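Engineer: If you scroll down you'll find the structure; I have some questions about it.
Since every read-out is calculated from the coordinates, none of them should be taken as a lab result. Every value quoted in this text rests on a predicted model; they were computed, and no experiment measured them. Quick reminder, even Gly has a Cβ in these numbers, built from the backbone with ideal geometry, and neighbours come from all protein chains shown.
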Amino acid sequence: MSKVGSPENPLRVAIIGAGPAGFYTASSLLKRKDLCVQTDMFDGLPSPFGLVRTGVAPDHQKYKSVIRAYDKRAQTPDYRFYGCVEFGRHIELPDLKEHYHQVVFTTGAQTDRSMGIPGEDLAGSHSATDFVAWYNGHPDFVDYQFDFSQTRAAVVGLGNVALDVARILCRTKAELLRTDMADYAIEALAKSNVKEVYILGRRGPAQAAFSTPEIRELSELAAADVEVRSDEAQLDACSREELAKSKNKERKKNVVAIQKFADAQPTGKSRKLAIRFLVSPTKIIGSESGRVEAVEMVRNEAFQSEDGSVRPRATDRFETLPVGLVFRSVGYRGVSLPGIPFNENWGTIENEKGRIVEGASRQPLSGLYTAGWIKRGPTGVIGTNKKDARETVVCMMEDLQAERMLTPAKPQREAAEELVKQRQPQFISYDDWSVIDAEEVARGQESGRPRVKFTSVAEMLTVLGR
């Protein structure tokens, strides 16, 4: 038989997960001029692009422009997409080993981390992950309910997702109607009574994890003044020293932006977005009916740890913040996959530079790889996955050269497609998705929006005439 990777015997690669990491992996493979490779991408959702579609804030359309590059790659003849095909349900690891030489898991970080405090499960306490998926029209979250009759909300976390959630809660209906947010979410938020939103961060301004464009953007909110307490905007001695030595220009710009908010005077807008620093929720207080009523917080102080970094530690000072809604945004974590070694502490697949390894022995599992957040944890921005995917592909190519790969009994493309048809007759191909995508864009043009999303699989299948 011809060598694997030749035109007569293409390298067959399955990619599980159609988000940025999956597309960057496919792109890195398909760009190779010395290799004939066919990539089949599987995703449990009917739509590709992962968090670019269901996670990126709908008022950040510029970040979604990366989809054009993904679409260009998907239009090549050596790429196929199988939507509505779930690993562990429709296809399993033995199936993939029977049809592919290499398998790459790029399933991302699908759940959130818990705060681990009393009252976290009260009615009105939510994961930011769920809220983001809901307003972005993720089919699995369309029926979620949020009590916008409340007047005050708290968002716990100092990352970009926390700022996204707070910003969306403060947007007017006119602002939301310029986005591709799900229609049901626009209507619900337009009727919201939330007038005060508090972002609660356990660290100080110099250690905040959000990006400079995100914090600056808050000044552009049409109906919300941004408030930062002067005492919390000032840096402690440890933070000043750390910042002076740091080469991270963004952190310095963040501090300038935060202190600018602290110096600003309210303009009388109808809503308030307050950012608090060096406070940690210790308890969510509930009413007699079991609903969120307030957040108990401890005031923190900054100190220099043994490794030289500045960290927060609790003091003996507490305060109570009355709120009716809480959104936790303290980090994402990955979900384990059937048959794949998983590190529960880190929420990632066990791997070395993208090669999946046995947890104890650290021995590579032939032909199995990972990339993206499920590989390294939820760090970086969309583009970070490009370098991450390249690292994994380098390992894949080294193993190909050394003939360390799976030996599929049915490597033909048609055999894999026949398997999918048997297991999931209603799968969505990329051609199918292109039809759905065009219809969404056309619906958006009618109302001056980027697109109007279909938010259920049934709607999408109807568009396809099924």
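Engineer: Counting only residues 5 or more places away or on other chains, whose amide H sits under 5 Å from the amide H of residue 294 once H atoms are built in the peptide plane?
Structural biologist: HN-HN under 5 Å from residue 294: 285, 323.
Engineer: Moving on to the next point. Counting helices only, and only those DSSP H runs with n ≥ 4, report the 222 nm mean residue ellipticity of the chain as the sum of -39,500 (n - 2.57) divided by its residues, in deg cm²/dmol to the nearest 500.
Structural biologist: Calculated from helices alone, the mean residue ellipticity at 222 nm is -9000 deg cm²/dmol.
Engineer: Give the percent of DSSP beta bridges with both residues in the range 113-331 that are antiparallel, rounded to the nearest 5.
Structural biologist: Within the range 113-331, antiparallel bridges account for around 45 percent of the total.
Engineer: I would also like to ask the following. Treating the beta-carbon of each Lys and Arg as +1 and of each Asp and Glu as -1, no other charges, what is the dipole magnitude of the range 113-331 about its Cα centre, to the nearest 20 debye?
Structural biologist: About 700 debye.
Engineer: Kindly put 84, 36, 170 in sequence by how many other C-beta atoms sit within 10 Å of each C-beta, fewest to most.
Structural biologist: Lowest to highest Cβ neighbour count: 36, 84, 170.
Engineer: Under 14 Å from the Cβ of residue 304, count the other residues' Cβ atoms, weight Lys and Arg +1, Asp and Glu -1, and hand me the total.
Structural biologist: -1
Engineer: Nearest 10 degrees, 0 to 90: what angle lies between the long axis of helix 20-30 and the longest principal axis of the chain (Cα atoms)?
Structural biologist: Around 30 degrees separate the two axes.
Engineer: Along its three principal axes, how long is the range 113-331 when you only count alpha carbons? Whole Å, largest extent first please.
Structural biologist: 48, 38, 33
Engineer: Classify the chain as rounded, prolate or oblate from the Cα gyration tensor: take a ≥ b ≥ c as the square roots of its eigenvalues, call it rounded if a/c is under 1.5, otherwise prolate when a/b beats b/c and oblate if not.
Structural biologist: Prolate, since a/c reaches 1.5 and a/b exceeds b/c.
Engineer: Ok, one more. Taking a ≥ b ≥ c as the square roots of the eigenvalues of the Cα gyration tensor of the range 328-389, is the shape rounded (a/c under 1.5), prolate (a/b larger than b/c) or oblate?
Structural biologist: Here the range 328-389 falls in the oblate category.
Engineer: Relative contact order (percent) for the chain, with alpha-carbon contacts under 8 angstrom and 6 or more residues of separation?
Structural biologist: Once divided by the residue count of the chain, the mean separation gives 21 percent.
Engineer: Moving on. Neighbour counts of other C-beta atoms within 10 Å: give me 350, 187, 86 arranged from fewest to most.
Structural biologist: Fewest-to-most Cβ neighbours within 10 Å comes out as 187, 86, 350.
Engineer: Something else now. Quick check: net charge around residue 57, other residues with Cβ under 13 Å of its Cβ, Lys/Arg +1 and Asp/Glu -1?
Structural biologist: 0
Engineer: Further, regarding this structure: Return the sequence-ordered ³J(HN,Hα) values of the range 409-426 in whole Hz as given by the Karplus equation 6.51 cos²θ - 1.76 cosθ + 1.60 applied to θ = phi - 60°, using x for Gly and Pro.
Structural biologist: Calculated HN-Hα couplings, in order: 6, 10, x, 5, 4, 5, 5, 5, 5, 5, 4, 4, 4, 6, 7, 9, x, 8 Hz.
Engineer: Could I ask something else about it? Would you be so kind as to identify which of 212, 184, 14 lies farthest towards the positive end of the dipole of the chain, taking Lys and Arg as +1 and Asp and Glu as -1 on Cβ and the Cα centre as origin?
Structural biologist: Positive-most Cα among the choices belongs to 212.
Engineer: Please give the net charge around residue 329, taking every other residue with its beta carbon less than 10 angstrom from that of residue 329, where Lys and Arg add +1 and Asp and Glu add -1.
Structural biologist: Combined, the nearby Lys, Arg, Asp and Glu give 0.
Engineer: Check residue 327: other-chain or 5+ apart residues with amide H under 5 Å from its amide H, H built from backbone geometry?
Structural biologist: Counting only residues 5 or more places away or on other chains, the set is 126, 154, 155, 156.
Engineer: Using alpha-carbon pairs under 8 Å, 6+ residues apart, how would you state the relative contact order of the range 113-331 in percent?
Structural biologist: This gives 31 percent for the range 113-331.
Engineer: If you stretched the chain out fully between residue 443 and residue 431, how much longer would it get, using 0.36 nm times the residue separation minus the C-alpha to C-alpha distance?
Structural biologist: Here the segment from residue 443 to residue 431 would lengthen by 2.4 nm.
Engineer: Using the Karplus curve 6.51 cos²θ - 1.76 cosθ + 1.60 with θ = phi - 60°, work out ³J(HN,Hα) for each residue of the range 386-393 in order, rounded to whole Hz, and write x for Gly and Pro.
Structural biologist: 5, 5, 4, 5, 4, 4, 5, 5
Engineer: Going Cα to Cα from residue 421, which lysines come in below 24 Å? Please leave out same-chain ones fewer than 8 positions away.
Structural biologist: Result set, ordered by chain and number: 97, 410.
Engineer: Over all directions, what mean area does the Cα convex hull of the range 412-466 project, stated in square nanometres?
Structural biologist: 4.3 nm²
Engineer: What pairs in 62/453; 3/33; 353/386; 260/386; 3/353; 191/453 have C-alpha atoms more than 24 Å from each other?
Structural biologist: 260/386; 3/353
Engineer: Could you give the nm distance between label points at residue 187 and residue 143, where each point is 7 Å from its Cα heading toward the beta carbon?
Structural biologist: 1.8 nm
Engineer: While we're here: Neighbour counts of other C-beta atoms within 10 Å: give me 455, 179 arranged from fewest to most.
Structural biologist: Going from least to most buried by this count: 455, 179.
Engineer: Here is a further query. Quick check: residue separation of residue 174 and residue 212 times 0.36 nm, minus the Cα distance between them. What number comes out in nm?
Structural biologist: So the extension gain works out to 11.2 nm.
Engineer: Checking the cross-link filter: which aspartates and glutamates have an alpha carbon closer than 12 Å to that of residue 31, excluding same-chain neighbours under 8 positions apart?
Structural biologist: Result set, ordered by chain and number: 78.
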